[in-house]
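The next block holds one structure in the form of structure tokens; read it before the comments.
The values are calculated or read from the model by the stated rules, or taken from the named source; none is laboratory data. Keep in mind that what you see is a predicted model, and the values were worked out from it rather than measured. In this analysis, Cβ positions are derived from the backbone assuming ideal geometry, glycine residues included, and neighbour counts consider all displayed protein chains. All accessible areas refer to the heavy atoms of the entire protein, side chains included, with ligands and DNA or RNA removed. Shrake-Rupley method; radii C 1.70, N 1.55, O 1.52, S 1.80 Å.
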Amino acid sequence: MSDPGSSNVLTQISPVLVAMLLGALSDHIASGDPEWAGLARRAAWTALAFLPMLAAHLAVVRWQRWPAAAVWLAGFVLYPALAMLMIRGSALSIWHWGLAAVLSLAFLLLHPSATQHRQRHRSSAAPFRHVPITLDGTVATLLALWALGATSLFASTADAVRNQPLGVWVNWARIASEPLETVWYFGQFAAIALMLYGWYWVCRYRLVRQVLRRQGIVPFILATVAFVALGTPIVASIGLLMPLNIPEWTVIPSENYNPFDRDNFRFTFWVTAIAIPIILTVERLLAEQAEADTQHERVRAELHLLQEQINPHFLFNTLNTLYALCLKDRIESAAAVVKLSDLLRYAVYSGQRERSSLDEEIAHLDNYLALQMLRFGHRCALLTAWPSDGSRFTVPPLLLIMLVENAFKHGVEPVEGLCEVQIAMTIVGERLHFECLNSLPDAAETRTPGLGLANLRRRLELLYDANYELTTERSDGFWRARLAVDLQPC
């Protein structure tokens, strides 16, 4: 319930509200009533009939702990069926139900305020949300729903072809009593739906993907014109072979036996004119998504490479420390081995995660500093300040160690006398401020950025874009490095 879109109830229920509006408006138009008061009465009656579907849709969107698939089926399948069977004169028709169900599914599967829950609550999300949504699948689903709707309409009336216009949308008793006739109707409407799907398939995979992409706009226009001109009479001729046709009426748009009638060409022209822009829009979105996915994978690969470059550098420095300790004191070297084990465990396991808690990062720095103080503690003054609320935030692992390593590499190791290292970490709001200061040798030359600092800067660019601050400067015999980045709450 913490998603930004979860409070926008109007947006979440908009699919069912739109279905309500269109249902009431279509009923009002069919009634021939010119008064606004009549529209208001029908809208109120339609809204009352839609309330269970509205509640089911909102429940699926907002309360993921419910069995979402069962709730949706109860609201959009079981309730409409019972209402149309048991309530005579119900304001809920199969047209209303189909529109509300399609819009609800489209919202649940595609809108961010619904799909964000899928990322946070994958175990409890509705099963149908794991099905990838494609334009092919959407077109096939809509055509299948049309075939079922047309079948229920025709199967609900005896000799429906000769008794038009049909007055009954669905008569479940007659459908159940004439199963063979229902199958007979469904087979033919399914064949029509299959022809329409074939028309869409040619538009997308032949005209758009092959001709437009490879040949350009002019060949695409010519190919589209030729396809409509030749395909229309072919499809119409196939439609005329169906048993559903009678001498007075046919299933093709012209409703006669002339496959070259202008009405047939008008129909296929508008189908093509509607399908092509939708296909072009989807193809463009798919291309942008593929480009974004490729860029994302490239960034992930580069981040992984940078982390691999960080880890060997850290390991070599730590092994040098351990080597120096082994030459001095076996007891201290044993303690150093324990510290090294903890450091490597963090680098190998936690270092490969995308985020670690800030407390884990601080513990890693503490282990590194303790190891270094075993070597340099007799001449190095170390001051540290850590925040007390680090457990509430996360950071990318191994983000801060490079600055601390540089402090010892350039400010402690070259110095034979006394030296100083100061490390301070503070949290302001949800932003981390990290400062590392080390003394420099008296004869130190102006330092040039090394590989470690360059890798850190590149990693920050990939992780935070421009939303970070990294500065280094030499001042009064000290080298100061400052880093500020945003934190993420746990």
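For region 332-490, report the accessible area per residue in Å² (1.4 Å probe, heavy atoms, rounded to an integer).
Accessible area per residue, region 332-490: 47 Å².
Applying 1/(1 + (r/R0)^6) with R0 = 35 Å to the Cβ-Cβ distance of Glu178 and Ala30, what FRET efficiency is obtained, to the nearest 0.05?
The pair Glu178/Ala30 has a calculated efficiency of 0.80.
Across 5 Å bins from 0, what is the distribution of all Cα-Cα pair distances for region 352-455, in whole percents?
With 5 Å bins starting at 0, P(r) equals 2, 11, 22, 22, 19, 13, 7, 3, 0.
Work out from phi, with θ = phi - 60° and the Karplus expression 6.51 cos²θ - 1.76 cosθ + 1.60, the ³J(HN,Hα) of each residue of region 247-254, listed in order in whole Hz, and give x for Gly and Pro.
After applying 6.51 cos²θ - 1.76 cosθ + 1.60, I find x, 8, 7, 9, 7, 6, x, 6 Hz.
Accessible area of region 144-225 with a 1.4 Å probe: how many percent of it is carbon plus sulfur?
68 percent
Could you state how much accessible area Asp263 has, in square angstrom rounded to the nearest 10, with a 1.4 Å probe and all protein chains kept in place?
Answer for Asp263: close to 70 Å² accessible.
Tell me, what ³J(HN,Hα) does each residue in region 276-284 have, in order and in whole Hz, if you take phi through Karplus 6.51 cos²θ - 1.76 cosθ + 1.60 with θ = phi - 60° and put x for Gly and Pro?
After applying 6.51 cos²θ - 1.76 cosθ + 1.60, I find 4, x, 5, 4, 4, 5, 5, 4, 5 Hz.
Would you mind classifying region 396-475 by shape? Square roots of the alpha carbon gyration tensor eigenvalues, ordered a ≥ b ≥ c; an a/c under 1.5 is rounded, otherwise it is prolate if a/b is larger than b/c and oblate if not.
prolate
May I ask for the net charge around Val415, where only other residues with Cβ less than 12 Å from the Cβ of Val415 are counted and Lys, Arg are +1 while Asp, Glu are -1?
Here the charged neighbours net out to -2.
Calculate one ³J(HN,Hα) per residue across region 159-165 by plugging θ = phi - 60° into the Karplus curve 6.51 cos²θ - 1.76 cosθ + 1.60, and present them in order as whole Hz with x for glycine and proline.
6, 4, 4, 9, 10, 8, x
Tell me which residues come under 5 Å, amide H to amide H, from Ser254 once H is placed; ignore anything under 5 positions away on its chain.
The answer is Asn264.
If amide H atoms are built 1.01 Å from N in the plane of the peptide, which residues on other chains or at least 5 residues away come under 5 Å of the amide H of Val170?
Distant-sequence amide H within range of Val170: zero hits.
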